[in-house]
Amino acid sequence: MAEQPLLRVDHLGVRYAASHAAALEDVSLSLMKGERLALIGESGSGKSTFARAIAHLLPPGAARSGDITWLALEAPPEAGRDLAFVLQDPSASLDPVMTIGEQVAEGAVAHLGLSWGEAYAHAATLLARVQLPEPEHLLKAYPHQLSGGQRQRVAIAAALAAGPSILIADEVTSALDRIVEAEIVALLDGLVRDEAMTLIFITHDIALAAKLADRISVFADGRLVEDAPAAQLLARPQAEATQRLLSAHMDLSTPSLLREVP
């Protein structure tokens, strides 16, 4: 018997009140437990809207149609506990007037029932897990005292506080320089592997998707235009949007991706 998908999406559509065009239209796909799925596409293609829709994090006023079914779960995952969402800009998810320790610990207090003392110890462990130096010292620091790459690591640590089984990373490297970008991708790769999490990685960069994902879903103009195993899609892209994204990262004299991530 074939394994049951973790998630099945059927004919998903999303329309925002202020927009005349649909943000998503007739999108169907499935996700297996433990799979690494990359959602790629240009800005405005619908990939982030799709992720927010399945996480039940669409803004007020958004109209959704179609079905989202979490087949391998008894109930839809709760954001913050079962499903973690890491945003492109950590400044949008980190409170400037709360210490790093408070922000990483609060998820463990809310979802794991830990005392604040236990949660601070858990937060220090998580900060070390995302490879931040002197985690005990960082517990007392504020976001503005950290670099952009360090704040992104803190945001990842906070997302992991309740031990989620599903991680959605939305353009988490787009504001970082190439060296820090590579470090964050390697960190996500290790965390997902070690914790056996299901990963949805959102990016406009097909080179990053190729490094991190088992499967790639390509979005364009609010539609899913191609969905295939990563190796197959890179070798034989079918959709024009995929070919365009791929050509932006190809050295045409030697067909290899220009931006290699260590």
Subject >> Residue match in segment 1-24 (condition: closer than 21 Å to Asp221 by Cα, of a type in the set (Asp, Glu) and surrounded by 14 or more Cβ atoms within 10 Å (Cβ to Cβ)) >> reply: no
Subject >> Filtered residue count, segment 1-56, keeping only those that are among the charged types (D, E, K, R), under 22 Å from Ile206 (Cβ atoms) and not in a strand (DSSP E or B) >> reply: 4
**OP:** Considering only segment 77-129, state which residues are of a type in the set (Lys, Arg) and in contact with a His (Cβ under 6 Å, 6 or more places away or on another chain).
**Re:** Arg81
Original post:
Between a first residue in segment 82-96 that is under 19 Å from Leu139 (Cβ atoms) and of a type in the set (A, V, I, L, M) and a second residue that is at pLDDT 80 or above and not in a loop (DSSP other than H, G, I, E, B), which pairs have beta carbons less than 9 Å apart while being 6 or more apart in sequence or on different chains?
Top reply: Leu94/Ile100; Leu94/Gln103; Leu94/Pro143; Leu94/Arg151; Leu94/Val154; Leu94/Ala155; Leu94/Ala158
**OP:** Scan segment 163-189 residue by residue and report those that are outside any helix (DSSP H, G or I) and either closer than 29 Å to His111 by Cα or of a type in the set (D, E, K, R) (or both).
**Re:** Gly163, Pro164, Ser165, Ile166, Leu167, Ile168, Ala169, Asp170, Glu171, Val172, Thr173, Asp177
Original post:
Within the bounds of segment 108-117, is there any residue that is touching a Ser or Thr at 6+ places or on another chain (Cβ under 9 Å), surrounded by 16 or more Cβ atoms within 10 Å (Cβ to Cβ) and farther than 30 Å from His204 by Cα?
Top reply: yes
**OP:** Specify the residue that is farthest from the chain's Cα centre (by Cα); the eligible residues are those in segment 161-183 that are buried (at least 21 other Cβ atoms within 10 Å of the Cβ) and under 18 Å from Ala92 (Cβ atoms).
**Re:** Ala161
Original post:
Hey, among the residues in segment 103-162 that are free of Cβ contacts under 8 Å to residues at least 60 places away in the same chain, of a type in the set (D, E, K, R) and in a helix (DSSP H, G or I), which one's farthest from Leu187 (Cα to Cα)?
Top reply: Glu118
**OP:** Can you run down the residue pairs with Cβ atoms below 7 Å, 6 or more apart or on separate chains, where the first is in segment 1-24 and over 16 Å from Arg52 (Cβ atoms) and the partner is hydroxyl-bearing (Ser, Thr, Tyr)?
**Re:** Pro5/Ser30; Leu6/Thr198; Arg8/Ser30; Arg8/Thr69; Asp10/Ser28; His11/Ser28
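The values are calculated or read from the model by the stated rules, or taken from the named source; none is laboratory data. These numbers were taken from a predicted model, which means no experiment stands behind them. Every residue, glycine among them, receives a Cβ derived from its backbone with ideal geometry; neighbour counts consider all protein chains shown.
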